[in-house]
Amino acid sequence: MATAFSSDGEAALRRELGPAAAAPRGDLDGFYEMGRAAAFVRGGGFRKVALQFPDELLADAATVAARMEAATGAEMYVLGDTTYGSCCVDEVAAEHAGAEAVLHYGPACLSPCRKLPVLHIFGQQPLDIGRCTEAFRELYPDRQTRVVVLSDVVYAHMMGELEQQLCPEYPNIVFSRVVCGDPPGPAPPGEVWQFGRQFPVEVLGGLQDCAMFYVGAEGLALTSFMLTWNRCPFSSFDPATGCGRRETLNVNRALMRRLYLVERARDAKVVGILVGTLGVAGYLVVLQHLRELLRRAGKRSYMLAVGKPNPAKLANFLEVDIFVLVACSQNTLLDSSEFYRPIVTPYELELACNPAREWTGNYFTDFRDLLPGACAHVELPPAVPAAEAIPDVSLITGEMRAAHLCDHPALQLPPSTTLACRDQTRALAEISPAASFLESRSWRGLEQQLGQTPVSKAVQGRRGIAIAYEDEGHEQP
């Protein structure tokens with residue numbers, strides 16, 4: 001899961017973009033749904049539109065943009081890279097181009113956007129309905145089984161045909177619908193509206209006794225589904241291989257690993273809040289919520305916007321004990337085993353710092369579920385004086401720690417009280433834990449050292465990129 005959201009960058013530098021394998025070369029209009037996209041642009045009266053492609057479809061970007069300009073008369077701007085995950089709509093890059101709307105191509109997390117109108121075009125991947133039906137019958141021989149059918153968005157266009165094949169044989173089967181954006185109001189009782197999927201469960205007697213059948217390849221979407229609906233047995237059908245299987249992901253082990261990270265978050269004193277999205281609606285509210293939660297829990301917090309996180313970037317913040325990633329529901333589950341410090345989700349940080357929230361077996365990957373008015377929101381309990389706080393014992397270090405929210409006057413001092421005299425010139429400097437930590441390090445990054453470095457003539461340096469300089473392996477002249 002780590003490579004899905006971040007990498008060392010070498011693969012991107014060496015990759016050559018050839019023909020997009022996912023797109024049938026003779027049917028670009030059908031694959032990219034040119035007619036629907038053109039109707040969206042003309043209907044909205046948009047004059048500048050951003051086209052966002054994932055890396056595997058960038059080879060078709062110029063052709064698609066030219067055809068869209070000819071069909072609509074609007075200016076098309078291709079977003080060659082995304083600020084964060086490619087499944088999210090990159091509103092920031094679109095606004096830099098002055099775009100009035102976004103056409104998002106390829107797989108999507110379907111997280112609602114804040115500002116710009118968006119049309120999702122998933123790319124209609126082929127699906128062998130006959131083989132999928134056979135795999136379903138093999139996995140569920142009991143025709144009375146209660147099953148909810150989910151699919152990757154690229155196969156959503158084939159679910160109607162699959163429904164026609166299975167519904168006559170399975171009276172207790174329900175097919176989910178792919179929906180974009182939030183419901184107009186609270187989801188009706190007996191309906192599930194989550195991860196851009198909507199399906200009724202009242203007819204099945206509740207979700208807890210249902211099985212889940214997923215059409216699509218193994219990936220972050222399936223992992224998110226399995227952790228969220230962890231009481232339901234999962235099976236899947238991979239259209240690329242034509243094989244169906246019962247999912248063997250040990251959900252209990254995965255949850256135990258996540259709960260271990262919760263314990264690490266309880267021990268942490270300095271927390272880095274990683275901004276992993278700038279386009280998902282509600283991200284500013286949850287950032288403020290996490291800062292207040294950490295302040296009430298007596299922890300220092302720093303907000304960091306580093307783009308796509310990777311181990312090298314986050315290793316620069318050694319003073320941070322743990323990071324919390326605010327991202328979409330698919331990218332929030334980042335495997336941090338390769339990172340110097342652990343990375344948790346907003347829900348896991350709430351489990352660690354909000355005494356009123358208890359572990360119930362339910363897991364939430366969508367941070368918007370934690371906001372006021374949402375299904376999983378839990379109010380912070382009143383703060384208690386530090387002297388009256390009940391101590392707790394860390395399961396990792398064995399040390400004592402406070403288990404209740406307390407008033408921490410030191411964290412509420414006005415900015416003027418954190419200024420101190422730096423030298424005889426009476427210059428003022430702000431004191432912070434990060435600055436104190438930096439002072440204790442032997443290497444502090446690049447420093448000017450004016451007057452201390454001898455002047456030398458400029459010499460020709462290396463040319464090329466860092467992983468393959470032009471003179472690599474040769475003696476320097």
Notebook entry, point to check: With each label point set 7 Å from Cα along the Cα-Cβ vector, what nm distance links R291 and S456?
Noted result: 4.4
Checklist line | Nearest-0.05 FRET efficiency for D55 and D335, computed from C-beta distance (R0 35 Å) | finding: 0.95
Margin query: At R0 = 35 Å, how high is the FRET efficiency between N172 and E95 if r is their beta carbon distance? Nearest 0.05 is fine.
Written below: 0.15
Check: Of L290, N331, N354, which is farthest on the positive side of the dipole of segment 253-393, counting Cα position, with +1 on Lys and Arg Cβ, -1 on Asp and Glu Cβ, and the Cα centre as origin?
Finding: N331
Next item on the list: Please give the peptides 357-366, 144-153 ranked by average Cβ packing (other Cβ atoms within 10 Å per residue), highest first, as a rough proxy for protection.
Entry: 144-153, 357-366
Margin query: What's the ranking of 324-335, 295-306, 339-350 by average number of surrounding C-beta atoms within 10 Å, highest first?
Written below: 324-335, 339-350, 295-306
Notebook entry, point to check: Assuming R0 = 51 Å, what is the FRET efficiency of R245 and A66, from their Cβ-Cβ distance, to the nearest 0.05?
Noted result: 0.75
Check: Under a 5 Å amide H to amide H cut-off, with H placed in plane at 1.01 Å, what residues pair with R197 once short-range neighbours are removed?
Finding: V179
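Read the figures in this text as sums done on the coordinates, not as results from a lab. Small disclaimer: the values here were computed from a predicted structure and weren't measured. Backbone-built Cβ (ideal geometry, glycine too); neighbour counts: all protein chains shown.
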